[in-house]
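Here's the structure we're looking at; comments come further down.
Values quoted throughout were computed directly from the atomic coordinates according to the rules given, and no laboratory measurement underlies them. These figures come from a predicted structure and were not determined experimentally. Neighbour counts run over all protein chains shown; Cβ positions are idealised from the backbone, glycine included.
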Amino acid sequence: MESEEIRGILQPLCEEIQEQISYNREERDQWNSKVRKLLDERNELNRQVKELITEVQNQKAMRDDANQTVRELKEIRVDKTEILREIRTNFREKIADKNHQEEREEKRDRARSPGRIRAEIDLLEKQYNEGRFLGKKEREFVSKMKKLHQELREAKEKKSDGGIRELKILLRDAEKKQEDAHKKVKRAVIGAQEAHDLMAELSEEVDRLREKANSAQSGVTRAKREADSLHGRYIVSLRCIHSMQDLLKSLASREGGSTDDDEQVEVADLMTRLMSGDTLSTDEIMALQRN
């Protein structure tokens, strides 16, 4: 086969392969760009996941503290409730005893009430002021008033509440303390529930972001596989076109009677490295394409 025939076959093939080289290089670079973009996305998502995990742990600690506070406040409320129960029981017993005692005393001596005695005293004082107790009657008035005041004191003593008033004060105080303890428990329970809800919400966000990060990693793997495949085809195309260019140069050298040995040695060295799987620099690859 003549040199011209060989050139007629190889030159169109070289042009076609050159187009494939350009296409494979552009596609490879695009996929490599996707790899970098997906890596950035994955790394950012992993950073957010790490921060949220720390926040979840902090929120869990806050929730646990809140739950502990709830338990402590419930114990206090139990104590206050027990105190209130005892005071109420004592108060009811005192009321019952007082009523029973009054019934017994009323049946026993039918003593007049302090109100009736006070009414009689007021009446006598009014009569005295009107001048109805003159002379010897004044001494009777004084004696009568002494007896009435003595009777009033005794009636008041009998009417004594037996400590019920003090118990009422204690009861109101115990009711207030028990109510305050209950309100504190309710507030603490709400706080603990809010902390738990926020922790659960953050945990769900961690799962969502982690899933997105895993999806981005899968995208990185796919994009890198595509980029590697295109790079492999790019290298094969370079090898093919270089072999054909070597053949065309050999034909030209044979026809012209001269060779550029140094250039051929350099290209051969580059091709040897490329065929062995070494990574060439951009300048070295461009040198192969030029030659």
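Of note:
- Which of Tyr23, Tyr128, Tyr234 has the fewest Cβ neighbours within 10 Å, and the rest in rising order: Tyr23, Tyr128, Tyr234
- For segment 114-158: rounded, prolate or oblate by the Cα gyration tensor [a/c cutoff 1.5]: oblate
- Within a straight-line Cα-Cα reach of under 18 Å, Lys98 can be paired with the following lysines, leaving aside sequence neighbours fewer than 8 residues apart in one chain: Lys107, Lys156, Lys158, Lys159, Lys168.
- About the centre of its Cα atoms, segment 114-158 shows a dipole size close to 120 debye [charges on the beta carbon of Lys, Arg (+1) and Asp, Glu (-1) only; nearest 20 debye].
- Calculated FRET efficiency for the pair Glu166/Arg112, C-beta based, R₀ 35 Å, to 0.05: 0.85
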